[in-house]
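The values are calculated or read from the model by the stated rules, or taken from the named source; none is laboratory data. Note that the coordinates shown come from a computational prediction; the quantities given were computed from them, not determined experimentally. So basically every Cβ, Gly included, is an ideal-geometry build from the backbone, and we count neighbours across all protein chains shown.
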Amino acid sequence: MFKNKKSFFTRLGLFIAILGPGIITGSVDNDAGGITTYSVAAAVYGYNLIWTLVPSFMVLVVIQEMNARMGIVTGKGLADLIRENAGAKITFFIFVGLLIADIGNTTTEFAGVAGSMEIFGVSKYISVPIVGFLVWFLVVKGTYKIAERIFLLFSVSLLMYVISAFMGKPHWGEIGRSIVHPTLDINTKSISMIIGLVGTTIAPWMQFYMQSSVIEKGLKMKQYKYTLMDIVVGCVVTVVVAFFIMVACASTLHVNGDIINEAKDAALALKPLAGEFASQVFAFGLFVASVFSATILPLACAFYVSEAFGFEAGIDKKWDEAKEFYTLYTGILVIGAAIILIPNAPLIAISLWSQVLNGLLLPVVLICMILLINNKKIMGKYVNKPANNIIGWGAVIILVTLSLLLLLLKIFQ
Amino acid sequence: MNTVTTFYLSRVIGHKAFDTNRKCIGVVKDLLVDPESSTHSSGHPVVNGIKIKFKKKVVFYSFQNFHIEKVNGETKVICDQLIELNSDQINGNLYLVQSVLDNQIVDINGRKLVRVNDVRLVTIVNDTFAVAVDIGMEGLLRRIGIAAPVKLAFSIFRSTIPSKFILWEDVETIDSSNSNIKLSKSYAKLQTLHPSDLADIIEDLGRKASAEVFSALDDEKAADVMEELETDTQVHILESLSIEKAADVLDKMPADEVADILDALEDERAELLLNEMEKDTSQEVRELLVYPDHTVGSIMSSEVMSFNLNLTVEDVLAELRNIKPEFETLYNLFVTDENEKLLATFSIRDIVISQPDVRISQIMKPSPVHLRDYQKINEVAEIVSKYNLLAIPVVDKNNVLKGMVVIDDVIEDLIRKRRTNK
């Protein structure tokens, strides 16, 4: 047992063992809602909104690092910490908001399932109930861990968007120029698009999920370096995939002036422009991302709501032991799937409103996080360094300003 | 005047307190109870002090001269005389808002952690006690401030909001907020729990609280709990305990379990602990640490009893009474020659049903099924199941008895494998 110097391979082994929370969170991040927002933004604004990925990436890394650090030091979930320090009232409003947003997000995931399967000629009245039941069964029967690994493997297919992007023959010079000098009119539409993009890249529920997975992994401060690498890799994956989705859509749909409303439209519209294969690649990626997120999102949500209100929670518990938890989980899944099956349901409105709610909740959750992580009683010597605080508060201020600006523009128009 | 007998903590916190002339003396921030008073007399902790904030200044007063009034359904805090508490009187008290409300406590009967939504207090004559914690839906709604309308809505359907209280004598509070004041809380109620339940609870606690609760257990209990903990938690706790305390706990544990834990620790820390432990225990552990992870040696228990085949049943009984082995060791007895080589096995049953003068050679079962110390673990389960064994002796390449593998260890290994395969 008494090993000597750690070789390169031991280090690599350590990294792979710790690998997980960041990369899974990053993959789930590019869900149906994300893909939709990226495609729509690119179809409307071309390359001009790609620059938002740069600040989003920075904030994403800083926030997830804070989550990991809080999880490692306290061993407590973010919901636990908020409840214990902010009291019942604030907790209640945050979590009711999160619950509603998550039901909306789950609906979006099932819209992704329905849309992508329709491209392969499967009716949503068949695909949604089957996927919904499978997801529920997987989790309740406790084979969730296996499922998570399969999904992680499948999420490599997200990189297929890279192929999709290249098939659209993008103008790289122009992309570079737009990142440095975007041309953009300031109006309600563009601002709500930016809030939507940031809100979907840094979704509030992810912070809770991230912190819980760090605790479940039993990570320690000694492994901090590897944890940080895991987070950075996860965030890079998120942003790279988002980048290529935007490039794929901007270089085809925007150039042709196609207006799309859902991710499915993007897949369909790619067909005449980039070929049948690109369209199917896009649809397959959408399907995998949707199922992955439809599994994790309701589960994470049921978990942290239970945590905050002191209900027994966990998939290792029996139904009778954790009634509230399973009821919540099943409820979110059933409502999300059922809304899709209503003929002529206002899917775009639901998707839009859940994004807006996400965007509004994000600064609230962020403020809670920054206050908690600067509390010496909770974090001891691991409180935030000034740089973390500057980026954290900066993100809060920018998000709040954007939200207020949107509100003002709406009023004065 | 209408002095209420029972009230909720949430009804007074954040409300103004008044003196007898109806003049505001500040806002109630917290109530202080004496946690030790719960161990004697009524079993309910008495409220000692009240924390009041007035114009940005926080003052602690004695609760003796305070009382709670209900006027037109509203709860009022009235004070006859303000007596400030000094820091000695404040120390050692439990803060109901800071450490109990919204925090997790242990439900002793339910053997799990629950979150406190509210605390119910009662005033009897001049003393006020915390009598129960509210962990139900009603308490949560009361905190949010929507209990009344929801209650009304429920009453239309002739049903009630599910409420759930636990009496104070059936809970143990976990106070991890006092980092500077050494509270040396006894956690006496936790000592009554089964080690496995206690281990589950400690795993669910935060980092700071789990270490604090663990270090309050006596060595014997701590050792039993340590065995049941998951590896992550074991490592975390061993790293937060002092070397002396950690070594004391490890001394009380079977050597094979200690070897498993030390394997997960950093090498330096493990070496420190081994040096601090008692000589013979640490020697046994060191021998076990040599075996690689997947071998029989790494899961075997080295605590075995072996006898010479010429001894009588009476001799064996005398020796057992003298050594007083743990039950696992007692059930499976072995016969070895003068070079410690394994010859046979016999069971406690053979001893019990035989006459005192019978020799071991007459009752023993020679050439027993055995394992080699460097054999792979995954072969063990099959052998256990094939021969219906509860324990199998382990020998080295010279047939010298090294220990035994108990069915419990085999099952533990199988479960761990299944879990990591997921």
For this session: Would you mind telling me which numbered condition in (1) away from every other protein chain (no Cβ under 14 Å); (2) surrounded by fewer than 18 Cβ atoms within 10 Å (Cβ to Cβ); (3) at pLDDT below 80 B:Lys185 fails?
Result: (2)
Problem set entry | Criterion: surrounded by 20 or more Cβ atoms within 10 Å (Cβ to Cβ), of a type outside the set (Val, Ile, Thr) and on the phi < 0 side of the Ramachandran plot - qualifying residue of B:Leu141, B:Leu85 | B:Leu141
For this session: Give region B:277-293 a look and list any residue that's acidic (Asp, Glu), part of a loop (DSSP other than H, G, I, E, B) and within 14 Å of B:Asp373 (Cβ to Cβ), or say none.
Result: B:Asp293
Seminar exercise, completed: Filtering helices (runs of 4 or more DSSP H) wholly in region B:109-219 for at least 2 residues that are in contact (Cβ under 8 Å) with a residue 60 or more places away in the chain gives B:137-144, B:195-204
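Test A:Ile175 against the stated conditions and say whether it is more than 22 Å from the chain's Cα centre (by Cα), at pLDDT 85 or above and either within 14 Å of chain B (Cβ to nearest Cβ) or crowded, with 16+ Cβ neighbours inside 10 Å (or both).
Details: more than 22 Å from the chain's Cα centre (by Cα): yes; at pLDDT 85 or above: yes; either within 14 Å of chain B (Cβ to nearest Cβ) or crowded, with 16+ Cβ neighbours inside 10 Å (or both): yes.
Yes, satisfied.
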Problem set entry | Odd one out for A:Ala308 among (1) surrounded by fewer than 24 Cβ atoms within 10 Å (Cβ to Cβ); (2) within 14 Å of chain B (Cβ to nearest Cβ) | (1)
Problem set entry | Of all residues in region A:70-91 being surrounded by 20 or more Cβ atoms within 10 Å (Cβ to Cβ) and without any contact (Cβ under 8 Å) to a residue 40 or more places away in the chain, the one that is nearest to the other protein chains (Cβ to nearest Cβ) | A:Ala88
For this session: Output the residues belonging to region B:313-333 that are modelled with pLDDT of 85 or more and surrounded by 18 or more Cβ atoms within 10 Å (Cβ to Cβ).
Result: B:Val313, B:Val316, B:Thr329, B:Asn332, B:Leu333
Exercise. Can you name the condition, by its number, that B:Ile411 falls short on among (1) touching a Gly at 6+ places or on another chain (Cβ under 9 Å); (2) among the β-branched types (Val, Ile, Thr); (3) exposed (fewer than 13 other Cβ atoms within 10 Å of the Cβ)?
Worked result: (1)
Problem set entry | Conditions (1) over 16 Å from A:Val232 (Cβ atoms); (2) away from every other protein chain (no Cβ under 14 Å); number of the one not met by A:Asn67 | (1)
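Every residue in region A:117-138 that is in a loop (DSSP other than H, G, I, E, B) and either at negative phi or among the aromatic types (Phe, Trp, Tyr) (or both), please. Spell out how you get there, then give the answer.
Narrowing region A:117-138 to residues in a loop (DSSP other than H, G, I, E, B): A:120-123.
Of everything in region A:117-138, those that are in a loop (DSSP other than H, G, I, E, B) and either at negative phi or among the aromatic types (Phe, Trp, Tyr) (or both) turn out to be A:Phe120, A:Val122, A:Ser123.
Conditions tested, residue by residue: (1) surrounded by 14 or more Cβ atoms within 10 Å (Cβ to Cβ); (2) over 30 Å from B:Cys79 (Cα atoms); (3) at pLDDT 85 or above.
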site	(1), (2), (3)
B:Ala132	yes, no, yes
B:Ser163	yes, yes, no
B:Ile181	no, no, no
B:Pro195	yes, yes, yes
B:Asp200	yes, yes, yes
B:Val213	yes, yes, yes
B:Leu217	yes, yes, yes
B:Ala222	yes, yes, yes
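Checking the conditions here, which among B:Val410, B:Val394, B:Val406 is touching a helix residue (DSSP H, G or I) at 6+ places or on another chain (Cβ under 6 Å), modelled with pLDDT of 90 or more and closer than 19 Å to B:Asn332 by Cα? Steps first, answer last, please.
Working: B:Val410 fails: modelled with pLDDT of 90 or more; B:Val406 fails: modelled with pLDDT of 90 or more.
Only one candidate qualifies: B:Val394.
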Problem set entry | Every pair of residues 6+ apart whose Cβ atoms lie under 7 Å, when the first sits in region B:266-294 and is more than 14 Å from chain A (Cβ to nearest Cβ) while the second is hydroxyl-bearing (Ser, Thr, Tyr) | B:Glu284/B:Ser302
Exercise. Which one of the conditions (1) within 11 Å of chain B (Cβ to nearest Cβ); (2) in contact (Cβ under 8 Å) with a residue 24 or more places away in the chain does A:Leu49 fail to meet, given that it meets all the rest?
Worked result: (1)
Exercise. Looking only at helices (runs of 4 or more DSSP H) that fall completely inside region B:305-422, which ones have 1 or more residues that are under 18 Å from B:Tyr291 (Cα atoms) and more than 14 Å from chain A (Cβ to nearest Cβ)?
Worked result: B:380-387, B:407-421
